[in-house]
Amino acid sequence: MTLPAPPRAPVSPAADRARTGRPGWRPGLIDRYLLAELMGPFLFGVAAFTCIMTASSVLFDLVRAMVRFGLSFWVVAEVLLLRLPEMVFYTFPMSMLLAALLTFGRLSGDLEITAMRACGVSLPRILFPCLVAAALVSGATIALNEYVVPPAKQRARLLLEGAQGRQKLPVARENLFHDEFEHGRLKRLFHAQRFDGVDMQGVTVQEFDGPVLARIVQARRARWLGGGWRFEDGTLYQIGEDGGYRYVATFKTRLVRLQASLAVLAEERKDAMEMTLAELGRHLDQMQGSGRMDGQVRELGVQWHQKLSIPFASLVFALVGAPLGLRPQRSSNAIGLGVSILVIFAYYVAMFLFTALGQAGHLSPLWAAWAPNLIGGGIGIALVVRASRQ
């Protein structure tokens, strides 16, 4: 008589790789099952949160502009579609939280988590597919914000301004002023009657030595060459200590090494969401190079870091949402939706608070942008450890 073979003990993924020689992690049955379960709530969250954010922050302004400026329905519809990628940038992390809460809430309520743990699968191993999904969502959010959001939002702004009869060119400006600081003190102040994105017309530059006006340069035209501005057909006025002219000299061309480049002036009308990470970084460096140490520079620094910290909030929300969703009793999805709203509210309150501290100079832009993630990640790890011991 042949006796049945004893049941095999559960084999950990690491032991299975050592036994079979398969390199790296490959999704198993549990991984594919959990990823499929996460997909539905995630897509529902993207649709729901995007609709809510669009209606509250974009649609109201567009309807008001339609009534005030007589915009056509097709212009409003196009602007609305162009603004959707920006809304998705914020709703991807929120949707990851909702997906983790609803998925693990259902699995826990149906005792599937209990069955997995009874078979020897640890809670961190169960949560691993959720973290992989969150990492993929973070990467997709960064890619969206780099390649889709900037051109789409800029196109929406120009389309809306053009429909309202404003200046369409993003860099063409009348009566342009720019101030340059050195060690916190005003170094240069220049004015141009017109800047068309390439040349400046009717340029006047005032240069200071300390608090005293030292010289004035006037030119018919100026063009950025990379290392400075080439002034053409101008006059140099050297100011004496008594406030009178020491001498006056005319010139055909003269190189003035202002620290402000064409890129700074061209980007002044763009907000952070209309620039990629590289563009915003260059703009920030150029503004810092001009000697500005005001709130605008700190604000741009915080926004640069938030282009990375907000996408990685998906990992934080997955760490927090999955253990919060674990519960032995059945409950409705409305509870998971309510908990997700409370967690999102707490996260964004913390983000606004730390952003204000960063803009005020009480925190560095790095800490101001990443502090909510660090706090939320710490809470999520504590919740996972607590749930693992139960």
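Each value in this text was obtained by applying a stated rule to the coordinates, not by laboratory testing. None of these values were measured; they are calculated from a predicted model. A quick note on method: Cβ atoms are made from the backbone with ideal geometry, for glycine too, and the neighbour counts reach across all protein chains shown.
Residue-normalised convex hull volume from the C-alpha trace of the stretch 30-141: 94 Å³ per residue. The aspartates and glutamates whose alpha-carbon is closer than 18 Å to the alpha-carbon of residue 252, local same-chain residues fewer than 8 away aside, are 199, 232, 233. Most tightly packed first, judged by the mean number of other beta-carbon atoms within 10 Å of their residues, the peptides 122-134, 81-93 read 81-93, 122-134.
In whole Å, what is the distance between the alpha-carbon centres of the stretch 51-99 and the stretch 341-390? Each part reduced to its Cα centre gives a spacing of 27 Å. Charge tally around residue 78: other residues with Cβ under 14 Å, Lys/Arg +1 each, Asp/Glu -1 each, net +3.
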